[in-house]
Amino acid sequence: MKIRDILGQGRPTLSFEVFPPKTEDKYETVEAAAREIAMLSPSFMSVTYGAGGGTSRYTVDIAAALNNEYHVPTLAHVTCVSSTREKVRGVLRELRERGIENVLALRGDIPKEGRLAHDYLYASELIREIKQSGDFCIGAACYPEGHVESANKTEDITYLKEKVEAGCDFVTTQMFFDNNILYNYLYRIRERGITVPVVAGIMPVTNVSQIRRICQMSGTYLPSRFKAIVDRFGDRPAAMKQAGIAYATEQIIDLIANGVNGIHVYSMNKPDVAARIQASLSEILECGE
Ligand code: FAD
C-alpha cells in the first residue's frame, strides 16, 4: 500500500523505523527485532539505508520481509550521494521487484573523505528520477531546525520546496524535542506553499550516550524540561528509559491533539519501546478528525 494513501485517511498514524545491521553476523538479530515490531501492526515501517550504500542488500531484504510476510506497508530509505546512478537504479529495481511501493529519497551525509561518486548532488535529483519511473510513492527528509549545512531556515525551506516540486508525496521530519519548533515550521512551510503531509519524527531517548551523540551530530535543541530528565535519571538506565518513553509519548499526544496526524517513531530496533508507546496511545490512535 502507498503511504500517501495511508496518510490521507484523516486519522492518526503511528509508524516505526528500524535500521539494518552493518555486518552479516548481526543480521538475524536485527531482522528478529524488526519482525517483532511488525507484529504490532503499525501503520507502516521504514528501513534505513547505511551511509554509503554498502549494506543496501540488508535494507532491501528487511523491507521485503516486513512488506511481504507481515503485510506492513514498508518505506525503504535510499541515499544517493555516495552512489553511482547505476547502483541507485539497481536498488530501485530490486525494491520494485520485491513489491516495495514506498521510497524515502535522501541525499545522505557527505563522507568525511569526500564524495565517492558524483552522479547526484542533492536529494531533489533522486526524487525527480524516481518520479519519472512513476511507480513509487516518494517521501523526503525535512528539518524543522534547519539542516546542519544550511545557511538559514529560509534557504532550507526553499530547497524543501524544490524536493516537493520534484515529486515527493510526503516529508518526514528529523527528530525534535520541543513541539513548538514543529508548529512554527509547519506555519512557515505552509506559508511557502508546501502542502504535502508532514510526518513528525519522534525519538524516544532511552539512554544518555544516545542523546550526547544526537546533540553532537545535529545540534538539536533540548528544552530544559528534557535536560532535567537527563540530569536526574541519566545514570539510572531503567529510570532514564521509562522517562524517555514517557517524554516521547507526551510529545506525540500533544502533536495529535494539535492536528499533526502522522507520527513516526525512531524506535532504534527496540520492540519493547515501540510496544510501550503504542500501548499508551491505543485509544488516541482511534480518534479520527
Ligand atoms: P538534501 O535535501 O539534498 O539537502 C542537503 C543539504 O543541501 C541541505 O542543507 C539543503 O538545504 C541543501 N540543498 C538542497 N538542495 C540544494 C540546491 N539545489 N542547492 C544548494 N543547496 C541545496 N541518512 C542515511 O545515510 N540513511 C538513512 O536512511 C537516512 N534516513 C533519514 C531519514 C530522515 C527522516 C531524515 C530527516 C534524515 C535521514 N538521513 C539518513 C540523514 C540524511 O541523509 C542527512 O541529513 C543528509 O545530510 C541530507 O539528506 P537530504 O536528503 O535531506 O538532503
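Every read-out reported here was derived from the displayed coordinates using simple, explicitly stated rules and does not represent laboratory data. Small disclaimer: the values here were computed from a predicted structure and weren't measured. Because the Cβ atoms are built from the backbone with ideal geometry, glycine has one as well, and the counts that use them run over all protein chains shown.
Can you tell me, using C-alpha contacts under 8 Å and at least 6 residues apart, the relative contact order of the chain as a whole percent?
The normalised contact order for the chain reaches 21 percent.
Normalising the average separation of contacting C-alpha pairs (under 8 angstrom, six or more residues apart) by the number of residues puts the relative contact order of segment 1-154 at 20 percent.
Within the same chain, aspartates and glutamates fewer than 8 places from Lys227 are excluded, and of the rest, those with a Cα less than 15 Å from its Cα are Asp178, Asp235.
In this structure, the amide hydrogen of Gly262, modeled 1.01 Å from its nitrogen in the peptide plane, lies closer than 5 angstrom to those of Thr13, Ala200, counting only residues at least 5 positions away or on a different chain. Springs between alpha-carbon pairs under 10 angstrom, Gaussian network model over the chain: which of Leu126, Leu66, Leu186 fluctuates most? Most flexible of the set in this elastic network: Leu186.
Cβ crowding within 10 Å, taken as a proxy for footprinting-reagent exposure, orders Ser46, Ser124, Ser282 from fewest neighbours to most as Ser282, Ser124, Ser46. Over segment 89-183, the pair-distance histogram of Cα-Cα distances with 5 Å bins from zero comes to 3, 12, 21, 22, 19, 14, 7, 3, 0 percent, rounded to whole numbers.
Cross-link check: pairs Lys22/Lys161; Lys22/Lys241; Lys22/Lys163 evaluated at a Cα-Cα cut-off of 27 Å; pairs beyond the cut-off: Lys22/Lys161; Lys22/Lys163. On the principal axes of its alpha carbon atoms, the chain extends 50, 44, 44 Å, with the longest extent given first. Charged neighbours of Arg225, selected by a Cβ distance under 13 Å, balance to -2 (K, R count +1; D, E count -1).
Once fully extended, how much extra length lies between Ala51 and Ser150, figured as 0.36 nm per residue of separation less the alpha-carbon to alpha-carbon distance?
Gain on stretching Ala51 to Ser150: 33.6 nm.
Comparing Ile214, Ile37, Ile157 in a Gaussian network model of the chain where C-alpha atoms under 10 Å apart are linked, the largest mean-square fluctuation is found at Ile214.
What separates the Cα centres of segment 26-95 and segment 136-203 is a distance of 23 Å. The 3J(HN,Hα) values that the Karplus relation (6.51, -1.76, 1.60; θ = phi - 60°) gives for segment 247-259 are, in residue order, 4, 4, 5, 4, 4, 5, 4, 5, 5, 5, 4, 9, x Hz. Gly and Pro appear as x. Backbone phi angles across segment 55-61, fed through the Karplus curve with coefficients 6.51, -1.76 and 1.60 (θ = phi - 60°), yield HN-Hα couplings of 10, 4, 4, 5, 4, 5, 5 Hz in residue order; Gly and Pro are listed as x. Taking every alpha-carbon pair under 8 Å whose residues sit at least 6 apart, segment 75-116 reaches a relative contact order of 63 percent. For segment 183-198, putting each phi into the Karplus relation 6.51 cos²θ - 1.76 cosθ + 1.60 with θ = phi - 60° gives couplings of 4, 5, 5, 4, 4, 5, 6, 5, 4, 8, x, 8, 10, 5, x, 10 Hz, in residue order, rounded to whole numbers and with x for Gly and Pro.
No solvent, one uniform scatterer per C-alpha: report log10 I(q)/I(0) for segment 22-155 via the Debye equation at q = 0.11, 0.17, 0.22 1/Å, two decimals. Evaluating at q = 0.11, 0.17, 0.22 Å⁻¹ gives log10 I(q)/I(0) of -0.41, -0.95, -1.35. Close amide H partners of Leu75, meaning residues 5 or more places away or on another chain with modelled amide H under 5 Å apart, are Met45, Ser46, Val47. In this structure, the amide hydrogen of Ile194, modeled 1.01 Å from its nitrogen in the peptide plane, lies closer than 5 angstrom to no residue at least 5 positions away or on a different chain. Of Glu69, Glu17, Glu101, the residue with the greatest mean-square motion in the GNM of the chain, using alpha carbon springs below 10 Å, is Glu69. A crude spin-label estimate for the pair Asp5 and Glu28, with each label 7 Å from Cα along the Cβ direction, gives 3.7 nm.
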